[in-house]
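K.L.:
Below is a structure I'd like to ask you about.
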Amino acid sequence: MTSGCVRAGILSGLLLTTCCAAVETKTGVYATLEEARAAGAIEQGWVPDGLPASTTDLREAHRSGGQRWGVFAFQPADGDPVRALVGTEITANPPQCDPPGRLEWWPRILRSPLDLAQLHSTGLRLYRSRDDRLTYAVNWPQGRAFYWK
């Protein structure tokens, strides 16, 4: 009986370790776009390529399965590079957004189910990226954008 309990405990521990490794979320914080580039966050795809040089206050989180979430600030006058990344505005049927609970910097308003009217009331607009890989929520007047996959 005792050896059975030990085996069950070991198997449970291995299963838990395997499951937890699969959902491990890694995060990065960068003061500037150049700092993110130097850390490899753009090359790895954790931060979008093509952001304006004025981009600051970048935060990103990613998982090994390709999921990622991020936020950045940009000068509103430098919004053209951001506009070049996004396609048409999403006006119906918003996509799912289920970031890990431990992303304290991710706003509740951007957690599923998304309410477009509520997003609009805060100045946020939703877009699919032109390459259809990411969803963006952008507040153009404030120069703040969130993205996820």
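Bear in mind that the values in this text are calculations on the coordinates, not laboratory data. Computed from a predicted model, the values in this text were never measured in an experiment. Quick reminder, even Gly has a Cβ in these numbers, built from the backbone with ideal geometry, and neighbours come from all protein chains shown.
K.L.:
Please sort 53-60, 68-75 by packing, taking for each peptide the average over its residues of neighbouring beta carbons within 10 angstrom, highest first.
P.N.:
Order by mean packing, descending: 68-75, 53-60.
K.L.:
Rounded to the nearest 0.05, what FRET efficiency is calculated for E24 and Q44 with R0 set to 22 Å and r the Cβ-Cβ distance?
P.N.:
Efficiency at R0 = 22 Å is approximately 0.90.
K.L.:
Here's another thing I want to ask about it. For Cα pairs less than 8 Å apart in space and 6+ apart in sequence, what is the mean separation divided by the residue count of region 21-149, i.e. the relative contact order in percent?
P.N.:
It comes to 23 percent, rounded to a whole number.
K.L.:
Rounded, prolate or oblate, given the Cα gyration tensor of region 41-145, with a/c below 1.5 counting as rounded?
P.N.:
Rounded shape, in that the Cα axes give a/c under 1.5.
K.L.:
May I ask you to compute the full-extension gain from I109 to S129, defined as 0.36 nm times their residue separation minus their alpha-carbon distance, rounded to one decimal in nm?
P.N.:
On the way: separation 20, 0.36 × 20 = 7.20 nm, distance 1.99 nm.
Working it through step by step, the gained length comes to 5.2 nm.
K.L.:
Using the basic label-point model (7 angstrom from Cα toward the beta carbon), what is the T56 to R37 distance in nanometres?
P.N.:
1.8 nm
K.L.:
Oh, and also: Give the peptides 134-140, 28-34, 118-124 in descending order of average Cβ contacts within 10 Å, highest first.
P.N.:
Packing order, densest peptide first, comes out as 134-140, 28-34, 118-124.
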